[in-house]
C-alpha cells in the first residue's frame, strides 16, 4: 500500500480533506468506517507506515487490539476525526517532500 491507497480510502467516503473534524455531525458513519479501515492498514508492515510518526501506528495497533483506554478515547467521534485529519496532513507532507 502506498500513500495513494490511503488517499483512495479517504476519497471513498468523500472525506479527502484535512478538516474532517468539521464533519462530525454531517458524516458520522463515514468517519467511523474510514477510521476502522485506516487502522486496519496502519497495522500492516508497509513501507509507507514507516514514514509516518510512530504514534499513528501505535494508536492503530492499540485500537485494533481492543485496548480499553484507547477504545474509550476513540469512542468519541471527534477524536477519530482529528486522528484522520492529522494523518491526511502527514500524508500530504510526505507527498510534497518527495516532489521537491
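The values are calculated or read from the model by the stated rules, or taken from the named source; none is laboratory data. Please read these numbers as outputs of a predicted model, since none were measured by experiment. Reconstructed Cβ throughout: ideal geometry from the backbone, glycine too, with neighbour counts over all protein chains shown.
Just a few scattered comments:
- Any hit, the range 78-99, residues being loosely packed, with under 12 Cβ neighbours inside 10 Å, assigned to a loop (DSSP other than H, G, I, E, B) and out of contact with any strand residue (DSSP E or B) (no Cβ under 7 Å at 6 or more places or on another chain): no
- Considering (1) closer than 20 Å to residue 5 by Cβ; (2) in a helix (DSSP H, G or I); (3) more than 15 Å from the chain's Cα centre (by Cα), the lone condition that residue 69 does not fulfil carries the number (1).
- Members of the range 29-46 that are in a helix (DSSP H, G or I), exposed (fewer than 14 other Cβ atoms within 10 Å of the Cβ) and in contact (Cβ under 8 Å) with a residue 24 or more places away in the chain: 40
- Within the range 1-52, the set of residues being at pLDDT below 90, touching a helix residue (DSSP H, G or I) at 6+ places or on another chain (Cβ under 7 Å) and farther than 17 Å from residue 82 by Cβ comprises 1, 2, 3.
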